[in-house]
Each structure stands twice: as structure tokens, then as C-alpha cells.
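Structure first, commentary second.
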Amino acid sequence: MRRLCLSLFLLCVGASAAAQTAPEREHLAPAGWEGSYHGLHYTPVLRIGDRVIVSGIPASEGDTDEAKVRWAFQQLQAHLEKAGATMADVVELQSFHVARDHEEFRKRVEPVLKVHREFFKDHYPAWTAVGTTALFSAGAPMEIRAEAIIGSGARAKADIPAPPVNR
């Protein structure tokens, strides 16, 4: 009986300590994105301590693919700001591009590369680009999601030499 009581006590103390050390999980949505949480049942921005996860943002507003991509990156910036992060704090990007084949995929990525250079001047995040046949948002050429660590952009460094130029 004494062992059982001691085991229960240690279990309760351990659970209490774990609950005290677990970071807070905060669900956020920039203005205009509240319907995602309440209607579609997903969180546009999730902050866990200093970690920020931004759900996929479709490139859906604009007259051209480039304009749509720029709008998506602007929305990404707004999502990050809602959680107290900046574009400089982004450590990982994932982008999903609607394309039938590799040739179309490469064509679809071109405006993304251009806009990416506007938002990430240096200390680039890790990035995975994936081709797919469809996205949830009809007419969106791509969707982007990101993860950030608040404050990491202020201490970023890169000691990566430029490759030799072939002449």
C-alpha cells in the first residue's frame, strides 16, 4: 500500500511539474482570417513559446501569379506579426505549387523566387517546394506555410562561401 501511495504521489508531482514547464499554446488569427479558426477549424497562427507555426496561405489575391504570390507573402508577414515574429525570424518555408509536370512546376516557381528575394534579403530560411495537382483554394497557383522562432532573426549568421563562378 505504501508503494502505491508513493507511486501515485510521484506521478502527481511529475505531472504537475510537466504542466508548469510546458510552454503556453496560443491560437491566433490576423484580421480577416478568423473564419479559418471558427468555420474551417484550423488555426492560422499557432504560437508555442517562441515558436510560431503559420498554416498554409493560398496565393489567391491579385491579377497575375506574381501579384498573388506577393499577396501571400504579405499575408505571411501579417500572420507572423500577430504572434510577435518577423520575416527575419522565419526558419522554414514550405510551398506547394499547382503544376502538371516538372516544366510547369519550374515556370510556377519563377514568380515565387522573385518575391522571395524581396522578403528575404539575407539569412534565408530552409525551404521545401512541392508540386501538386490541386490546392484547397481554387485558382491559387501556390500556397505557403512557415515556421519561425521569435528573435532568431536578430542573431542570424551565415558562413557559407559563394560558389566559384564558371567562366
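Annotations
- Of the numbered criteria (1) modelled with pLDDT of 95 or more; (2) touching a Ser or Thr at 6+ places or on another chain (Cβ under 7 Å), the one Glu147 fails is (2).
- Looking across the stretch 43-64, the residues that are in a strand (DSSP E or B) and within 21 Å of Ala138 (Cβ to Cβ) come down to Ser55, Gly56, Ile57, Pro58.
- Criterion violated by Phe136 - all others in (1) at pLDDT 95 or above; (2) not in a strand (DSSP E or B) satisfied: (1)
- Of the numbered criteria (1) among the small types (Gly, Ala, Ser); (2) modelled with pLDDT of 95 or more; (3) in a helix (DSSP H, G or I), the one Gly153 fails is (2).
- In the stretch 66-93, the residue that is farthest from Pro111 (Cα to Cα) out of those that are of a type in the set (D, E, K, R) and buried (at least 20 other Cβ atoms within 10 Å of the Cβ) is Asp89.
- Screening the candidates Lys114, Lys68, Lys121 for the property of being under 21 Å from Gly32 (Cβ atoms), among the basic types (Lys, Arg) and either at pLDDT below 95 or part of a helix (DSSP H, G or I) (or both) yields one hit, Lys68.
- Residue tally, condition within 9 Å of Ala148 (Cα to Cα) and in contact (Cβ under 8 Å) with a residue 60 or more places away in the chain, over the stretch 42-93: 13
- Scanning the stretch 87-98 turns up one or more residues that are in contact with a Leu (Cβ under 8 Å, 6 or more places away or on another chain) and part of a helix (DSSP H, G or I).
- Taken over the stretch 80-91, the criterion of being touching a Ser or Thr at 6+ places or on another chain (Cβ under 8 Å) and not hydrophobic (A, V, I, L, M, F, W, C) is satisfied by Asp89 alone.
The values are calculated or read from the model by the stated rules, or taken from the named source; none is laboratory data. These figures come from a predicted structure and were not determined experimentally. Positions of Cβ are generated from backbone atoms using ideal geometry, with glycine treated the same way; all protein chains shown enter the neighbour counts.
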